[in-house]
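Read through the structure below, which is laid out as structure tokens, and then see the notes.
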Amino acid sequence: MKILVTGAAGFIGSALALRLLERGDAVVGIDNMNDYYDVRLKQARLDRAMSHPRFQFHKLDIVDRDGMAALFRTQRFDAVMHLAAQAGVRYSITNPLAYIDSNLVGFGNVLEGCRHNGVKHLVFASSSSVYGANTKLPFSEHDNVDHPVSLYAATKKANELMAHSYAHLYKLPCTGLRFFTVYGPWGRPDMALFKFTMGIIEGTPIPVFNNGKMVRDFTYVDDIVEGVIRAIDHAAVPNPDWSGKAPDPATSYAPYRIYNIGNNQPVELMRYIEVLEKCLGKKAKLQMLPMQEGDVPATSANVESLEKDVGFRPRTSVEQGVARFVEWYKSYHRVS
């Protein structure tokens, strides 16, 4: 297959591009290479694929309507994995317009590209953040998610709705993937594990929100990538049992599907920190802080639908995943 990966210099996008190339796909990657965090890290991720004969890279912003239209028109993709977005819950509180542009306008350009150029399957990244004020755990795709607590979450929910309209109007198969707290090698510097590791190594206090009373369904990046690939290969189809009298948010009469991809093994934040301390051989200095705006105390993924439909559920433990991250971090930053 010829697959477009948007956000190809990103944490998940770069790992996905490599896996797709390894299995024989042709991959076209795009990224705007913005400075939301260190561009050198983005370039280093990208460099891993640049020499591959079946990989092309275009520096392109998904907000560029004409550029996106030209890309789709000239490349003719079989499938699209849309990962490019303005990430981060907290940044959306202070810079909301960045999310409006990238996550809404940019996603509209992706949808239009797929619509007009015969794309057989659009897969796109949503987020566990869409569950917002929901408190019933584990979170299920079949539950209503109409109460986001951050603009980031609202844009991801909007992406799901936009995709459904294209599935309905243009019969474009669309699959949305709600990622749960992704971590691992090559991760973003604004993510907790990266910040914690840097703080512990440098001996500076690490911020622990809600006084450590947080639970997260930490999901290792390789598990996310495996789930993404299974989803790409399993194009969304209409659900013949869908009923407008009791509408299922995760399926549709249109070719549309939503899946959680989470580890289904929620871990207390303090346990996560303990595992990291053990891997680093050094205790953390903790700065206990209240809950932040836009955050939630607990996440947990119900992945029964993912396992039933594509035959996969994440299984990497935090002990394994954190150890691999620490090994990468020390190598990348030349820490002994």
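Can you compute the helix-only [θ] at 222 nm over the chain? Use -39500 (n - 2.57) per DSSP H run of at least 4 residues, normalise by all residues, nearest 500 deg cm²/dmol.
Per the formula, -12000 deg cm²/dmol.
Quick one: pull the percentage of alpha-carbon pairs in the stretch 145-259 with a separation above 26 Å.
Pairs farther apart than 26 Å: 37 percent.
How would the stretch 182-232 be classified by its alpha-carbon gyration tensor: rounded, prolate or oblate, with rounded meaning a/c under 1.5 and the a/b versus b/c comparison settling the rest? Can you show the working numbers first?
Numbers: a/c = 4.10, a/b = 1.86, b/c = 2.20.
Taking the square roots of the gyration eigenvalues as a ≥ b ≥ c, the stretch 182-232 is oblate.
Which one of THR197, PRO173, SER336 has its Cα pushed farthest toward the positive end of the charge dipole of the chain, where Lys and Arg give +1 and Asp and Glu give -1 at the Cβ?
About the Cα centre, the residue reaching furthest to the positive side is SER336.
Roll a 1.4 Å probe over the protein heavy atoms and report the accessible area of MET1 in Å², nearest 10.
Solvent-accessible area, nearest 10 Å²: 90 Å².
May I ask you to derive the FRET efficiency for ASP35 and TRP242 from their Cβ-Cβ distance with R0 = 35 Å, giving the value to the nearest 0.05?
Details: r = 44 Å, r/R0 = 1.25.
It comes out at approximately 0.20.
If you fit an axis through the alpha-carbon atoms of helix 269-280 and take the longest principal axis of the Cα set of the chain, what angle between them do you get, 0 to 90°, nearest 10?
So the inclination is approximately 70 degrees.
Relative contact order for the chain: what is it in percent, counting Cα pairs under 8 Å that are at least 6 residues apart?
18
Return the distance in nm (one decimal) between the two label points of a simple spin-label model at GLU319 and ASP233, each offset 7 Å from Cα along Cα→Cβ.
Label at GLU319, label at ASP233, 3.0 nm between them.
With charges only on Cβ, +1 for K and R and -1 for D and E, what is the dipole size of the stretch 1-156 about its Cα centre, in debye, rounded to 20? Could you put the intermediate results ahead of the total?
Values: 17 positive and 15 negative charges, 82 e Å.
With Lys and Arg at +1 and Asp and Glu at -1, about 400 debye.
For the stretch 51-129, what does the alpha-carbon gyration tensor say about shape, rounded, prolate or oblate, given a ≥ b ≥ c as the root eigenvalues, a/c under 1.5 as rounded, and a/b over b/c as prolate?
Working: a/c = 1.85, a/b = 1.73, b/c = 1.07.
It comes out prolate by the Cα gyration axes.
Stokes-Einstein at 20 °C, 1.002 mPa s, Kirkwood radius from Cα pairs: D for the chain in µm² s⁻¹?
Translational D for this selection: 106 µm²/s.
Probe 1.4 Å, all protein chains in place: accessible area of VAL322 in Å², nearest 10?
Roughly 0 Å² of VAL322 is accessible to a 1.4 Å probe.
Amide H of LEU286: which non-local residues (sequence gap of 5 or more, or other chain) have their own amide H closer than 5 Å, using H built in the peptide plane?
HN-HN under 5 Å from LEU286: ILE206.
Note down the accessible area of HIS234, probe 1.4 Å, to the nearest 10 Å².
Accessible area of HIS234: about 70 Å².
Sorted by accessible area (1.4 Å probe), largest first, how do LYS59, LYS2 line up?
Putting LYS59, LYS2 in descending order of accessible area: LYS59, LYS2.
Pull out the extension gain between ARG73 and ARG48, defined as 0.36 nm times the separation in residues minus the alpha carbon to alpha carbon distance; nm, one decimal.
Result for the pair: 6.3 nm of gain on full extension.
Quick check for me: using +1 on Lys/Arg Cβ and -1 on Asp/Glu Cβ, what's the dipole size of the chain about its Cα centre, in debye to the nearest 20?
520
Taking a probe of 1.4 Å, how large is the accessible area per residue of the chain, in Å²?
Dividing the accessible area of the chain by its residue count gives 43 Å².
Round to a whole number: what % of the accessible area of the chain belongs to carbon and sulfur, probe 1.4 Å?
Ligands and nucleic acids excluded, carbon and sulfur reach 53 percent.
Evaluate the charge dipole of the stretch 195-336 about its Cα centre and quote only its size in Debye, nearest 20, assuming +1 on the Cβ of each Lys and Arg and -1 on the Cβ of each Asp and Glu.
520
The values are calculated or read from the model by the stated rules, or taken from the named source; none is laboratory data. Bear in mind the structure is a predicted one, so any value in this text is a computation, not a measurement. Neighbour counts run over all protein chains shown; Cβ positions are idealised from the backbone, glycine included. The area values use the complete protein model at the heavy-atom level, side chains included, leaving out ligands, DNA and RNA. Shrake-Rupley method; radii C 1.70, N 1.55, O 1.52, S 1.80 Å.
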